[in-house]
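First up is the structure itself, then whatever we jot down about it.
Rule-based calculations on the coordinates, nothing more; no lab input. Worth saying up front: this structure is predicted, and the values here are computed from it rather than measured. For neighbour counting, all protein chains shown are included, and Cβ atoms are generated from backbone atoms with ideal geometry for every residue, glycine included.
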Amino acid sequence: MPADFQAVPKPRKTPRPSSEAILRSAAKVFAARGYADTSLRQLMAAARVSTTAFYARFATKEAVLSALVMELLQELSTRAQAELKHATGLADGFDRGVDVLVAVIVPKKQVVRVALSEGAGSPLVAETLRNLYAVLAGLLASNLRSLARRGAADDTHVDAVAWSLVGALNMQVTRWAVHGDLSDDALGPALRNVATALLPVVDPGLGGQPVTAGAKT
């Protein structure tokens, strides 16, 4: 081998873009431009990925927003299940649930806003939202039945009450994320007011007693 021979350096491997990285950049683009005014090319440019790499993970803009909503759903479900099992009563369970809901959605306010406004017109996103509501209603109904078995709640009309709570909670979240009627700090109290109004249907002993933060033991 000649003395002046120099080995050709090996080319550096470019890290393969992950779905997580694409979603993080997409959330920022949706927040800045809105869902309708965001193109696939803009999502690719923001994530710094090739067309091939992007399409290997997401087929459409709908699929990206749906994945962002599903990610939120999974985090909310996991954290709520872990927290609600420690509930000592109906009001305490709802208080814990509100804490989880606020902790999960406030950092992702722009994703929530887009999903509940422009994105809701997408069949794929709408189906993901329906799944989200169903999971929330199921968690609430399961918690109510668990409390009823312990004598801490009435299990009459559990499913109807759970869906009523989901509808009322969704309205407050929409006021916060879409309409701007509620600040981040006002969201939790507004959600607790829902409990104060509706939970006496399940436990008449809660009538007139507000569900307040910080009551957990």
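Scan the range 77-97 for residues that are in a helix (DSSP H, G or I) and surrounded by fewer than 21 Cβ atoms within 10 Å (Cβ to Cβ) and jot them down.
Of the residues in the range 77-97, the ones in a helix (DSSP H, G or I) are 77-84, 90-97.
S77, T78, R79, Q81, A82, E83, L84, D92 - these are the residues of the range 77-97 that are in a helix (DSSP H, G or I) and surrounded by fewer than 21 Cβ atoms within 10 Å (Cβ to Cβ).
Please identify the pairs in which a residue from the range 84-96 that is within 17 Å of L136 (Cα to Cα) has its Cβ atom under 8 Å from the Cβ atom of a residue that is acidic (D, E) and assigned to a helix (DSSP H, G or I), counting only partners at least 6 apart or on another chain.
Within 8 Å, the pairs are R96/E83.
Scan K61, K108 and give me the residue that is in contact (Cβ under 8 Å) with a residue 60 or more places away in the chain and among the charged types (D, E, K, R). Steps first, please.
Values: K61 fails: in contact (Cβ under 8 Å) with a residue 60 or more places away in the chain.
Criteria check complete, one pass: K108.
How many residues does the range 137-168 hold that are touching a Phe, Trp or Tyr at 6+ places or on another chain (Cβ under 9 Å) and under 20 Å from A87 (Cβ atoms)?
Quick first cut of the range 137-168, residues touching a Phe, Trp or Tyr at 6+ places or on another chain (Cβ under 9 Å) only: 137, 140-141, 143, 163, 165-167.
If we keep only those that are under 20 Å from A87 (Cβ atoms) as well, we get 137, 140-141, 143, 163, 165-166.
The qualifying residues number 7.
Considering the range 141-200 alone, what residues qualify as being aliphatic (A, V, I, L, M), in contact (Cβ under 8 Å) with a residue 24 or more places away in the chain and under 30 Å from A31 (Cα atoms)?
Scanning the range 141-200 gives L165, V166, A168, L169, V173, A177, V178, L187, L191, V194.
Of all the residues that make up the range 167-187, how many are surrounded by fewer than 20 Cβ atoms within 10 Å (Cβ to Cβ) and either among the aromatic types (F, W, Y) or part of a helix (DSSP H, G or I) (or both)? Before you say what the answer is, go through the steps one by one.
Quick first cut of the range 167-187, residues surrounded by fewer than 20 Cβ atoms within 10 Å (Cβ to Cβ) only: 167-168, 170-171, 174-175, 178-186.
With the extra rule that they be either among the aromatic types (F, W, Y) or part of a helix (DSSP H, G or I) (or both), the set shrinks to 167-168, 170-171, 174-175, 178-179, 184-186.
The total comes to 11.
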